[in-house]
1. Return yes when residue 142 is modelled with pLDDT of 90 or more, under 16 Å from residue 78 (Cβ atoms) and not assigned by TED's automatic domain parsing to the domain that holds residue 46 and no when it is not.
2. If you check residue 178 against the conditions, is it touching a Leu at 6+ places or on another chain (Cβ under 9 Å) and in a helix (DSSP H, G or I)?
3. Out of curiosity, is residue 128 within 23 Å of residue 13 (Cα to Cα), of a type outside the set (D, E, K, R) and without any contact (Cβ under 8 Å) to a residue 40 or more places away in the chain?
4. Looking at the range 161-173, can you tell me whether even one residue there is over 29 Å from residue 236 (Cβ atoms), among the small types (Gly, Ala, Ser), surrounded by fewer than 16 Cβ atoms within 10 Å (Cβ to Cβ) and at pLDDT 90 or above?
5. So how many residues does the range 176-190 have that are surrounded by 21 or more Cβ atoms within 10 Å (Cβ to Cβ) and in contact (Cβ under 8 Å) with a residue 24 or more places away in the chain?
6. Counting only residues that are crowded, with 17+ Cβ neighbours inside 10 Å and free of Cβ contacts under 8 Å to residues at least 24 places away in the same chain, which one in the range 134-146 is farthest from the chain's Cα centre (by Cα)?
7. Of the residues that sit in the range 35-54 and are among the aliphatic types (A, V, I, L, M) and out of contact with any Leu (no Cβ under 7 Å at 6 or more places or on another chain), which one is surrounded by the most Cβ atoms within 10 Å (Cβ to Cβ)?
8. How about the range 34-45: which of its residues are part of a helix (DSSP H, G or I) and either aliphatic (A, V, I, L, M) or at pLDDT below 95 (or both)?
Amino acid sequence: MHSDHKQARQIVARGVSAWERDDFESALETFQGVLEDFPQFADVQNKAGLCLAMLNRLEESLVRFEAAVQYNPTYAEAHLNRGIILNDLGRHEEAQVAFSKAGELDSLDSPVFPSEVGNRIAVTHAQLGDLYLVANHPSDAIEHYRSALQIRPRFMDIRSKFAETLIELGELDQAKDELTLILEARPSFVGARVRMGVVLHRLGDDERAVLEWQRCLQDDPRDMRARAYLASVQASGAEGGEA
């Protein structure tokens with residue numbers, strides 16, 4: 001499967017719908033399809049892990065939760081889910097470490113909402129934002145992403161959606177600020193770095209845009225988005241030189 005970020009989020013929404021119908025196999029197939037193109041989507045790794053857990057495929061679910069916390073080390077819910085599976089597998093000491101990490105991270109978020117409640121509210125706002133994007137209402141999507149981040153400011157996958165929608169609305173300076181926050185927290189978030197290059201290019205800073213895309217290729221030489229953007233800028237430069 002090959003899709004851009006917006007299409008991928010639309011597909012994720014279908015997977016969530018299948019999950020809510022308790023059709024875990026269909027939801028898993030959908031999430032795994034998205035992860036073929038976007039393995040760095042920590043929230044989708046977590047969702048795939050939950051599906052596998054419901055299908056009693058515990059070892060495989062653990063792999064997904066571990067991928068989620070690898071891509072987003074501050075993902076409290078994924079640490080919690082990882083701990084539950086470790087405990088079910090009899091790895092109790094490791095489970096306790098995971099539970100402690102989840103509790104430590106949660107205490108850094110909004111003190112108003114307990115962990116599970118806060119996570120659900122934030123994720124629900126993000127899902128509503130996704131639906132508004134599917135319906136081509138980015139301004140409404142922005143408000144839900146903003147609400148989600150007020151509750152869980154360190155959910156970088158949601159912040160990435162927020163930044164992407166800001167780009168779509170032409171709010172480039174704000175998008176740049178959001179992407180800077182993401183990359184400070186997760187320098188290896190290639191998707192955010194690709195979009196940072198796009199923002200810098202649109203703001204007229206091609207030199208820094210090229211540096212961002214080159215860094216993307218250092219982190220993931222297979223990333224075709226960065227290759228395409230670099231080729232486009234280089235082609236434009238060549239045409240300008242000929243003129």
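The values are calculated or read from the model by the stated rules, or taken from the named source; none is laboratory data. The model shown is predicted, which means the values in this text are computed figures rather than measured ones. Every residue, glycine among them, receives a Cβ derived from its backbone with ideal geometry; neighbour counts consider all protein chains shown.
1. Working: modelled with pLDDT of 90 or more: yes; under 16 Å from residue 78 (Cβ atoms): no; not assigned by TED's automatic domain parsing to the domain that holds residue 46: yes.
Taking the combined requirement at face value, the residue does not satisfy it.
2. Values: touching a Leu at 6+ places or on another chain (Cβ under 9 Å): yes; in a helix (DSSP H, G or I): yes.
Yes: the conditions hold for residue 178.
3. Working: within 23 Å of residue 13 (Cα to Cα): yes; of a type outside the set (D, E, K, R): yes; without any contact (Cβ under 8 Å) to a residue 40 or more places away in the chain: yes.
Yes: the conditions hold for residue 128.
4. No, the conditions are met nowhere in the range 161-173.
5. Residues that pass the stated criteria total 4.
6. 144
7. In the first step, residues of the range 35-54 are kept if they are among the aliphatic types (A, V, I, L, M); the result is 35, 42, 44, 48, 50, 52-54.
Pick out the ones that are also out of contact with any Leu (no Cβ under 7 Å at 6 or more places or on another chain) and you get 35, 42, 50, 53-54.
On the way: 35: 20, 42: 26, 50: 22, 53: 20, 54: 15.
Result: 42.
8. If we filter the range 34-45 for residues that are part of a helix (DSSP H, G or I), which is where we start, we get 34-37, 42-45.
Across the range 34-45, the qualifying residues are 34, 35, 36, 37, 42, 43, 44.
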